[in-house]
Amino acid sequence: MQVNRYTKGLVLTFLFLSQATIVAAECRAKSDEKTIPLLALYTSEGCSSCPPADQWMSAIQQPKNTLSLLAFHVDYWDYIGWKDPFSRAEYSDRQRQIATFGGAGFVYTPQFVLNGRDFKGWNNRRLNSAINTTQQLPSRANLSLDVATETDGSMTLKASAEVVRPADGKKADVFVALYENGLVSHVQAGENIGRQLKHDYVVRQLFGAYPMKDLNPFNKSFTLNPSWKNKVAGAVIFLQDRANGEIIQSLTLDFCHE
């Protein structure tokens, strides 16, 4: 079949638009030479002292390439009358493991943990100082996140990690957390009865631990339910030292919306 110049122009334009559409449906993030700290909050809707901590985390104004944020809702306060809809036993277990790393014999809420260490007396000044200090450290791992929306409405999340030092490759675990923002609960029982609570960076799914294998790159794809497409949400990948709980590197990606 002969193709004239007009037809060729249509074909090229169609290909260009198709490629542009594909790119627009993708989101990517990649770490650089700086270390990005991870601030994790352990909280519960059954805890009367937790709402101020939730509010402080929601109000943090830091670029995603300087700080990663995650809120883990624990389940050990559920027994007092209100079951936190975002709580999971695995998040409580994770907090207990962090307490063990730090030599503590107990857990509490609200607790902030910065790079695997208890972060007491949380405020903006101390946080900014900690971020600046951490960012002076050269990156020990290269991380990337890539999200693409498929034609069937599902989302594919690709995560990769590569350590810089052989020693880290022998003791690092990879975790990928999916978080959601703008969550609201009307508490009907327990210590916060009658309150409307708002949450951001709430961990809805946690994948891992995936052990690194020496200097071999880690690559894994996750197929996400189409419902994630309509959420104000994102993903965090982080490397954790399984021997002491230290966070080696982290990276955040907010999901894009067409």
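Every residue, every condition in (1) in contact with a Phe, Trp or Tyr (Cβ under 8 Å, 6 or more places away or on another chain); (2) in a helix (DSSP H, G or I); (3) modelled with pLDDT of 95 or more; (4) not basic (Lys, Arg), yes or no:
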residue	(1), (2), (3), (4)
Thr7	no, yes, no, yes
Val11	no, yes, no, yes
Phe14	no, yes, no, yes
Leu17	no, yes, no, yes
Val23	no, yes, no, yes
Cys27	yes, no, no, yes
Leu41	yes, no, yes, yes
Glu45	yes, no, yes, yes
Ser49	no, no, yes, yes
message: When you scan the stretch 113-135, do you find a residue that is basic (Lys, Arg), over 17 Å from Ile237 (Cβ atoms), surrounded by 12 or more Cβ atoms within 10 Å (Cβ to Cβ) and without any contact (Cβ under 8 Å) to a residue 12 or more places away in the chain, even just one?
response: yes
- prompt: When you go through Tyr108, Tyr91 one by one, which is the residue that is under 16 Å from Val202 (Cβ atoms) and not small (Gly, Ala, Ser)?
  reply: Tyr91
message: With the requirement that a residue be closer than 12 Å to Ile248 by Cβ and of a type in the set (A, V, I, L, M, F, W, C), what does the stretch 156-172 give you?
response: Ala161, Val163, Val164, Ala167, Ala172
task: Filter the stretch 67-81 for residues that are of a type outside the set (A, V, I, L, M), modelled with pLDDT of 95 or more and assigned to a loop (DSSP other than H, G, I, E, B) and give the result.
output: Asp75, Tyr76, Trp77
- line: Within the stretch 90-147, residues under 30 Å from Pro217 (Cβ atoms), of a type in the set (Gly, Ala, Ser) and out of contact with any Pro (no Cβ under 8 Å at 6 or more places or on another chain) come out as Gly116, Ser139, Ala141, Ser144
field: Residue, surrounded by the fewest Cβ atoms within 10 Å (Cβ to Cβ), within the stretch 51-66, restricted to residues that are assigned to a helix (DSSP H, G or I) and not aliphatic (A, V, I, L, M)
entry: Pro52
task: Say whether the condition of being among the aliphatic types (A, V, I, L, M), modelled with pLDDT of 95 or more, within 26 Å of Gln196 (Cβ to Cβ) and under 18 Å from the mean Cα position of the chain (by Cα) is met by at least one residue in the stretch 106-114.
output: no
- request: Filter the stretch 98-112 for residues that are more than 18 Å from Trp77 (Cα to Cα), in a loop (DSSP other than H, G, I, E, B) and in contact (Cβ under 8 Å) with a residue 12 or more places away in the chain and give the result.
  value: Gly102, Ala104
- request: Among the strands (runs of 3 or more DSSP E) lying completely within the stretch 155-258, list those that include at least 3 residues that are of a type in the set (A, V, I, L, M, F, W, C) and either touching a strand residue (DSSP E or B) at 6+ places or on another chain (Cβ under 8 Å) or at pLDDT 95 or above (or both).
  value: 155-163, 172-180, 202-211, 218-224, 233-241, 247-254
field: Of the criteria (1) within 28 Å of Gln136 (Cβ to Cβ); (2) in contact (Cβ under 8 Å) with a residue 24 or more places away in the chain, which one Trp82 fails
entry: (1)
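The values are calculated or read from the model by the stated rules, or taken from the named source; none is laboratory data. On a predicted model such as this, the values are computed, not experimentally measured, just so you know. Note that we place each Cβ from the backbone using ideal geometry, even for glycine, and neighbour counts take in every protein chain shown.
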